[in-house]
Ligand code: TYM
């Protein structure tokens with residue numbers, strides 16, 4: 001069976017972008033593959049976090065993944081900081097990654113522009129830790145949104161370079177980017193990616209937003225000045241709404257165009273809002289139940305960390321041998 005690895009940062013709320021770009025696929029893939037999913041709290045501290053909030057958000061993210069349909073009987077779920085091999089492999093991989101390669105990462109360039117007062121070394125080496133996450137488990141495929149593609153290419157380059165230097169050690173992972181939903185855009189500025197760190201609350205849908213809030217945000221979504229629900233260049237707002245509608249209903253673009261022929265944008269926006277609210281209803285309902293059961297959450301992440309340590313330990317041991325570390 002193929003091995004799947006992916007991760008999500010526990011910073012603030014999970015958005016519809018995270019869900020449609022990644023988590024929805026994680027749920028599907030657990031049926032057919034050996035899936036490993038992590039709440040990557042070590043990545044989160046590349047941006048300054050309030051410790052209490054980080055702890056809480058980590059647990060919430062974990063509960064939210066369960067609410068989205070991840071099933072610990074079917075997949076391995078753990079919290080990154082519980083498994084020490086990630087930091088350990090990250091060091092070795094960092095010594096095989098060039099300054100120039102990391103300097104070219106567009107996410108680093110964006111984030112250091114927005115966070116000029118805290119361009120820390122962790123922010124710079126972030127993609128190395130991500131490579132460690134993936135390569136430790138010999139993952140074949142990594143389901144992510146389009147914004148992670150460049151990081152994944154770097155993971156592949158690092159794996160190939162290491163294999164060339166020391167002999168076959170890592171499987172070289174492939175990205176798994178959905179055809180529909182890989183890049184969900186902001187509802188307020190549809191040229192920009194939907195992001196939880198947007199100051200404008202109306203720009204993103206949090207997957208725990210109430211039905212009323214979801215519909216209200218879609219009603220306010222920025223569109224364009226013509227009147228046609230059609231997927232076309234230059235209609236970023238409508239294209240985004242069509243992508244979202246298609247992802248949650250399974251309808252194709254031509255079907256959607258037919259459905260809203262002769263109707264106004266107002267009707268379309270309400271329909272998208274309603275479809276999203278309906279789609280996310282089970283997630284909202286399950287979340288409180290999972291989040292309330294701290295004992296169960298702990299049981300799942302403790303067992304997950306144990307298994308993850310065992311699996312990743314094998315790869316780390318090989319790596320330590322290959323680079324010439326004297327056995328302890
Ligand atoms: P993160 O936490 O920013 O996002 C989690 C996942 O959501 C996807 N995503 C989107 N997809 C579509 N449209 C959007 N607007 C949108 N916004 C976010 C992301 O592509 C991602 O798949 N570096 C990663 C976390 C990570 C990881 C890993 C992923 C750490 N280690 C190993 C895969 C493998 C990140 O920050 O994702």
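By how many nm would the segment from residue 56 to residue 317 lengthen if fully extended, with 0.36 nm per residue of separation less the alpha-carbon distance?
On the way: separation 261, 0.36 × 261 = 93.96 nm, distance 3.29 nm.
Full extension from residue 56 to residue 317 adds 90.7 nm.
If each residue's Cβ is checked for other Cβ atoms within 10 Å, how do 114, 161 rank with the fewest at the top? Before the final figure, lay out each step's value.
Values: 114 9, 161 16.
Ordered by Cβ neighbours within 10 Å, fewest first: 114, 161.
Compute the helix-to-body angle for 85-94: its Cα long axis versus the longest principal axis of the chain, expressed 0 to 90° and rounded to tens.
80
Pairing the Cα long axis of helix 51-68 with the longest principal axis of the chain, what angle in degrees results, from 0 to 90 and rounded to the nearest 10?
70
Counting alpha carbon pairs within less than 8 Å and at least 6 residues apart, what relative contact order, in whole percent, applies to the chain?
Values: 508 pairs, mean separation 74.7, N = 328.
About 23 percent, as a whole number.
Compute the projected area of the convex hull of the Cα atoms of the range 11-112, averaged over all viewing directions, and report it in nm² to one decimal place. Intermediate results must be reported in sequence, preceding the final value.
Numbers: hull surface 31.4 nm².
Over every viewing direction, the Cα hull of the range 11-112 projects on average to 7.9 nm².
What ranking of 126, 231 emerges when the number of other C-beta atoms within 10 Å of each C-beta is taken as an exposure proxy, fewest first? Provide the component values of the computation, followed by the final result.
Details: 126 23, 231 16.
Starting with the residue having the fewest Cβ neighbours, the order is 231, 126.
Normalised by the residues of the range 201-287, what does the relative contact order come to in percent, with Cα pairs under 8 Å and at least six apart?
Relative contact order for the range 201-287 comes out at 39 percent.
Could you work out [θ]222 nm for the chain from helices alone, using -39500 (n - 2.57) per DSSP H run of at least four and dividing by all its residues? Round to the nearest 500 deg cm²/dmol.
Details: 13 runs with 173 residues, N = 328.
Result for the chain: -17000 deg cm²/dmol, rounded to the nearest 500.
If you line up the Cα atoms of the chain on their principal axes, what length do they span on each, largest first, in Å?
The principal-axis extents, from largest down, are 72, 45, 42 Å.
What's the angle, to the nearest 10 degrees (0 to 90), between helix 236-249's Cα axis and the longest principal axis of the chain?
Here the helix axis deviates by roughly 80 degrees.
Please report the base-10 log of the normalised intensity I(q)/I(0) for the range 201-287, using a Debye sum with one equal scatterer per alpha carbon and no solvent, at each q in 0.16 (1/Å).
Values, matching the q order: -0.59.
Please tell me the relative contact order of the range 234-328 in percent, rounded to the nearest whole number, where contacts are Cα pairs under 8 Å and at least six residues apart.
On the way: 22 pairs, mean separation 18.5, N = 95.
Computed over the range 234-328, the figure is 19 percent.
Rule-based calculations on the coordinates, nothing more; no lab input. Note that the coordinates shown come from a computational prediction; the quantities given were computed from them, not determined experimentally. Positions of Cβ are generated from backbone atoms using ideal geometry, with glycine treated the same way; all protein chains shown enter the neighbour counts.
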